[in-house]
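Have a look at the structure below before the remarks.
The values are calculated or read from the model by the stated rules, or taken from the named source; none is laboratory data. All values derive from a computational prediction rather than experimental measurement. Here the Cβ is made from the backbone with ideal geometry for all residues, glycine too, and neighbour counts use every protein chain on show.
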Amino acid sequence: MKNYKSYTILLFILAMFSACEDFDASLEESYTQNPTPEDIATEATAISAFQSWYFNSNAYNGPGLMLTTMADMNTCPWGNAAMQDMSSEPRAAWSNDPGYSNAVALEEYYANMYSLLANQTTLITAMEGGLEVSDPAKIECLARFGQAAAIGYLALVFDQVWIVDETGLLFEGEAGTPEQAMEIALEKLDIAIELASNNSFTVDAVNGMTLSSSQWAEFLNTLGARLLANVARNSTQRDNTDWPRVLTYANNGLTYDLNVLSDGWINWATEWSLYMTYSGWGRVDMRVVNLMDPSMPSKWTSTSGYLPEATSLDNRLATDFQYLDSQDFPANRGIYHYSNYRHSRYDSETHLIEYTGSVPEMLKAENDLYKAEAILRSGGSVSDAVSVINSSSRVLRGGLTPLSSGANATTVYDAINYERSVELQSIGLGLGFFNMRKNDLLQIGTPLHLPVPGSYLLAGGYDNYTFGGVANADGINVSNGGW
């Protein structure tokens with residue numbers, strides 16, 4: 001294999017080979033403190049790819065908490081994980097100082113995604129060099145998924161991505177744009193989809209589920225739709241997305257809910273969403289409550305801290321949300337953080353049984369929404385998109401009146417965005433943020449992506465930089481829109 005340490009980009013080397021302890025823990029195997037390529041090039045590495053991606057995407061010390069509050073999907077003024085700093089109003093810039101107390105919210109995630117990429121690339125390189133494994137199609141499929149997930153999520157969150165794969169350092173050693181990196185991610189994912197679609201094997205990488213290769217292929221296709229549909233930073237980029245490709249992914253996507261069995265908050269836990277729904281922590285932003293009951297304010301203005309219960313034609317206000325008649329948040333941190341609802345849909349699977357239930361990472365309903373949006377944005381029939389919406393969560397769980405077959409595209413887009421705020425609450429890193437971002441709905445001054453962590457920039461000899469703040473709103477790196 002190539003000696004990655006020969007590359008002069010210290011930033012990338014540090015990111016690729018940091019967080020060895022995290023790698024050890026995620027595998028639940030006995031590896032050395034500093035694993036060699038031979039240690040990594042095993043079947044266990046491929047099987048661990050999903051857990052590594054899942055655990056780090058859902059980690060407390062990751063971007064999940066600040067992304068959901070920056071998107072006004074949830075609200076919380078606590079200083080943990082940069083929530084207060086990044087969701088305060090008016091919006092401020094991200095502090096990319098390595099000494100910033102919440103720098104870990106980006107540093108760990110950045111390092112761990114590169115660790116995932118490095119591990120899976122090392123395995124693929126070893127297989128191409130003659131390493132024998134028991135089921136080559138399965139192992140390569142899982143490893144290719146790991147590469148795709150790592151690169152794809154780096155492209156979703158950060159403004160630039162360095163990539164090393166089994167062919168070496170890409171982009172001539174320079175960082176790629178999110179769009180360039182996403183194309184590489186999808187190339188890896190397409191290989192995984194082909195392997196899963198054309199072979200028969202069992203995937204036991206998702207805790208609590210045993211999937212056939214065809215079921216795994218469905219998940220991979222929805223992942224492709226998720227990645228490609230969400231990479232846009234603004235509505236112009238959104239309109240230039242390859243929506244026919246999104247539709248192809250979605251048409252072959254999930255026909256079931258991908259649920260992950262938690263293990264008591266050890267190796268399998270949706271940490272950011274657990275904190276966001278834990279008593280005294282996060283609440284549902286009033287923007288979302290207002291969607292379900294337009295008579296409620298979309299932003300809290302009353303100093304009393306009290307609002308009556310909302311009412312809605314949407315059954316989910318009663319089944320998925322809990323009314324609260326008082327506030328846990330101090331007024332001096334901004335009453336715009338106040339809310340009288342928390343998300344309770346998954347309480348029985350998480351908080352009530354000590355975090356040992358099955359919680360979705362990806363719902364069939366999410367795939368349905370990509371399908372409906374892709375139909376519209378690729379020039380398809382509005383009535384076809386309406387049919388998808390009416391056969392999904394809006395009607396099946398919400399009990400809302402089906403959209404008319406004669407509805408216009410704006411009405412359907414509004415229904416899609418509504419469902420993403422209501423049905424997709426508490427699942428999937430950054431889903432609300434990515435959707436608000438591509439539709440120019442993030443509050444003015446909100447960063448549209450995050451910078452490479454300052455500690456890695458400085459270690460690699462690069463100038464430090466950051467994004468955010470109303471004065472910097474340009475619609476390219478910082479939102480100049482709003483909801």
Count of segment 241-287 residues which are crowded, with 17+ Cβ neighbours inside 10 Å, among the β-branched types (Val, Ile, Thr) and in contact with an Asp or Glu (Cβ under 8 Å, 6 or more places away or on another chain): 4
Where a residue in segment 191-206 is at pLDDT 95 or above and crowded, with 16+ Cβ neighbours inside 10 Å and its partner, wherever it lies, is of a type outside the set (A, V, I, L, M) and part of a loop (DSSP other than H, G, I, E, B), with Cβ under 6 Å and at least six apart: PHE201/ASP135
Tally, over segment 193-233, of residues that are in contact with a helix residue (DSSP H, G or I) (Cβ under 6 Å, 6 or more places away or on another chain), of a type in the set (S, T, N, Q) and in a loop (DSSP other than H, G, I, E, B): 2
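Residues being among the aliphatic types (A, V, I, L, M), closer than 24 Å to PRO77 by Cα and without any contact (Cβ under 8 Å) to a residue 40 or more places away in the chain: count how many of those fall in segment 251-308. Spell out the reasoning first.
At the first step, the residues of segment 251-308 found to be among the aliphatic types (A, V, I, L, M) are 254, 258, 260-261, 266, 269, 274, 276, 284, 286, 288-289, 291-292, 296, 307.
So of that shortlist, the ones also closer than 24 Å to PRO77 by Cα come out as 269, 274, 276, 284, 286, 288-289, 291-292, 296, 307.
Imposing the further condition that a residue be without any contact (Cβ under 8 Å) to a residue 40 or more places away in the chain reduces the set to 296, 307.
Number satisfying all stated conditions: 2.
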Segment 64-81 residues that are farther than 9 Å from ASP285 by Cβ and crowded, with 24+ Cβ neighbours inside 10 Å, paired with ones that are at pLDDT 95 or above and among the basic types (Lys, Arg) (beta carbon under 9 Å, 6 or more apart): MET70/ARG91; CYS76/ARG283
Failed condition for THR236, given (1) loosely packed, with under 13 Cβ neighbours inside 10 Å; (2) not in a helix (DSSP H, G or I): (2)
Given (1) more than 20 Å from ASN96 (Cα to Cα); (2) in a loop (DSSP other than H, G, I, E, B); (3) not hydroxyl-bearing (Ser, Thr, Tyr), index of the condition ILE389 fails: (2)
Residue within segment 188-207 that is acidic (Asp, Glu), under 20 Å from the mean Cα position of the chain (by Cα) and closer than 22 Å to VAL388 by Cβ present: no
Residue, surrounded by the most Cβ atoms within 10 Å (Cβ to Cβ), within segment 318-349, restricted to residues that are among the polar types (S, T, N, Q) and over 20 Å from GLY430 (Cα atoms): SER339
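Conditions tested, residue by residue: (1) within 16 Å of THR277 (Cβ to Cβ); (2) assigned to a helix (DSSP H, G or I); (3) aliphatic (A, V, I, L, M); (4) at pLDDT 95 or above.
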| position | (1), (2), (3), (4) |
| --- | --- |
| GLY305 | no, no, no, no |
| GLU309 | no, no, no, yes |
| PHE329 | yes, no, no, yes |
| VAL395 | no, yes, yes, yes |
| LEU400 | no, no, yes, yes |
Filter result for ASP440 (more than 20 Å from PRO63 (Cβ to Cβ) and either surrounded by fewer than 17 Cβ atoms within 10 Å (Cβ to Cβ) or touching a His at 6+ places or on another chain (Cβ under 6 Å) (or both)): no
Filter result (touching a residue at least 24 places away in the same chain (Cβ under 8 Å) and within 20 Å of PRO244 (Cα to Cα)) within segment 384-407: ALA385, VAL386, ILE389
